[in-house]
Amino acid sequence: MSLVPVSEAKNRLLGKANPIEAIETIPLGDASGRVLAADLAARLTQPPFHASAMDGYALRASDAPSIGAELTVIGSAAAGHAFDGVLGAGETVRIFTGAPLPEGADSILIQEDAEKLDGGRIRTKFEVTKGRHVRPRGQDFAEGEVVVSAGTLLDFSHLTVAAAMNHPTVEVYRRPRVAILATGDELLTPGETTGPAQIIASNTFGVAALVRDNGGEVLDLGIVKDRPEDIAAAIDRARAEKADVLVTLGGASVGDHDLVQSTLKSAGMQLDFWRIAMRPGKPLMVGALGDMRVLGLPGNPVASLVTSMLFLEPLLRKLGHLPDRRREVQGITLKTLAANDQRQDYLRSTLTRDSDGNFVADSFQKQDSSMMKIFAHSDALIIRPPHAPELPAGSPCPILLIRP
């Protein structure tokens, strides 16, 4: 099977993926970062009454036609405590922010514009304008009004208005469930003591973090040995847990010890393609096992993370009704870049800004796909298309932001 171009691989992967339509109802306090599945309409009117926007005095504007008008204070109103009565001619009510406007009043004189007189009276020191400092009933929203539309990615502002609309729960789309399986006789979990031919497994942690960052739920299947029966048992668990995506780490090639692809095929996986024309990340595998999408990532840590950014992230965002994350931008290369071969390169780089605000990408000299430290210190990946000629220093180049 020939190498699949990156763009074609992405299109084929996403073209066969459909957004998850299952809906669940969750408490409002747990809804941050979730995608709303149904329009959210107000269950009440806000404010529910004409309210004062300031501390001051509620009055009728016609009773204060000019500065120096005198009025009699007949009571007070505070938030949660309305004045029980009707405002008559020449009367005013001491009022505080958020309190209902007394019946008969149409304006607020703020407290610093009122002079207190003896006998419970005040004198206006500023011109009164009808309706000033009054929040009309329904100024924010009205009962039945759709304020937040289905498909909205809920954040702190949406949760605030949803609470004000009296919604204790919301309907959201179910998150994609992602099962992650690491394979290899050489792998141990962090904290264990390594033997002479063993290493610590690291890929799961980075891939799981990316899954969660893109709205997915993680089912960690752990590390299994390079035995078909162990791999098959882990696959069965992913299916039993109704995972939407199975991500395998390593073992997707066809060497004597690469048993993931053959075991998946024995379980019924329909292989779409594998081996991508990219570096790092060539041994990428894509298929389907029933309704479960299968994404076999390379074993090398950096290759695993790069392919997660390029393929797993957009897959999860489509499944989860999330908007695309824009990682690719234009930059300028600080160094001259050599001509490229038939595979698309992703060069780890640091970023600075020039005097015009442009990204300037400085690629690391070493680009081995096993070197995690360089990836952790990188800000972006310079994208070198297949068969690209030498690129002189200072030339424009596409870059992929690691932390958009």
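Bear in mind that the values in this text are calculations on the coordinates, not laboratory data. Quick caveat, the model's predicted, so the values are computed rather than measured. Reconstructed Cβ throughout: ideal geometry from the backbone, glycine too, with neighbour counts over all protein chains shown.
Can you confirm whether ASP84 is surrounded by 14 or more Cβ atoms within 10 Å (Cβ to Cβ) and more than 30 Å from GLU217 (Cα to Cα)?
Answer is no for this residue.
Out of ALA197, ALA209, I need the residue that is among the small types (Gly, Ala, Ser), part of a helix (DSSP H, G or I) and without any contact (Cβ under 8 Å) to a residue 60 or more places away in the chain. Which one?
Working: ALA197 fails: part of a helix (DSSP H, G or I).
From the options ALA197, ALA209, the qualifying one is ALA209.
If you scan the stretch 187-228, which residues turn out to be touching a Ser or Thr at 6+ places or on another chain (Cβ under 9 Å) and acidic (Asp, Glu)?
Matches in the stretch 187-228: ASP220, ASP226.
Only one residue in ALA37, ALA53, ALA42, ALA79 is under 30 Å from THR169 (Cα atoms) and touching a helix residue (DSSP H, G or I) at 6+ places or on another chain (Cβ under 9 Å), so which one is that? Outline the logic, then answer.
Details: ALA37 fails: touching a helix residue (DSSP H, G or I) at 6+ places or on another chain (Cβ under 9 Å); ALA53 fails: touching a helix residue (DSSP H, G or I) at 6+ places or on another chain (Cβ under 9 Å); ALA79 fails: touching a helix residue (DSSP H, G or I) at 6+ places or on another chain (Cβ under 9 Å).
After ruling out the rest, the residue left standing is ALA42.
Looking at this structure, is GLU192 surrounded by 12 or more Cβ atoms within 10 Å (Cβ to Cβ), among the charged types (D, E, K, R) and not in a strand (DSSP E or B)?
no
Would you point out the residue of the stretch 266-280, among those that are assigned to a loop (DSSP other than H, G, I, E, B) and in contact with a Lys or Arg (Cβ under 9 Å, 6 or more places away or on another chain), that is surrounded by the fewest Cβ atoms within 10 Å (Cβ to Cβ)?
The selected residue is ALA267.
Please determine, by comparing only the residues of the stretch 315-347 that are under 16 Å from PRO404 (Cβ atoms) and in contact with a Leu (Cβ under 8 Å, 6 or more places away or on another chain), which one is surrounded by the fewest Cβ atoms within 10 Å (Cβ to Cβ).
Step one: list which residues in the stretch 315-347 are under 16 Å from PRO404 (Cβ atoms), which gives 316-317, 322-331, 346.
Among the residues that remain, those that are also in contact with a Leu (Cβ under 8 Å, 6 or more places away or on another chain) are: 316, 322-323, 327-329, 331, 346.
Numbers: LEU316: 26, LEU322: 23, PRO323: 9, ARG327: 17, GLU328: 14, VAL329: 14, GLY331: 24, TYR346: 26.
Step by step, filter the stretch 315-347, then rank; the result is PRO323.
Pick from the stretch 212-223 the residues that are over 21 Å from ALA234 (Cα atoms) and touching a residue at least 60 places away in the same chain (Cβ under 8 Å): which of them is surrounded by the most Cβ atoms within 10 Å (Cβ to Cβ)?
Out of the qualifying residues, it is ASN214.
Out of the residues in the stretch 360-404 meeting the condition of being loosely packed, with under 15 Cβ neighbours inside 10 Å and among the aliphatic types (A, V, I, L, M), tell me which one is farthest from the chain's Cα centre (by Cα).
ALA393
Please go through (1) closer than 30 Å to GLY88 by Cα; (2) touching a residue at least 40 places away in the same chain (Cβ under 8 Å); (3) not aromatic (Phe, Trp, Tyr) for ASP63 and return the number of the only condition it doesn't satisfy.
(2)
Restricting to the stretch 288-310, name every residue that is surrounded by fewer than 22 Cβ atoms within 10 Å (Cβ to Cβ), among the small types (Gly, Ala, Ser) and touching a Gly at 6+ places or on another chain (Cβ under 9 Å).
GLY290, the sole residue that qualifies.
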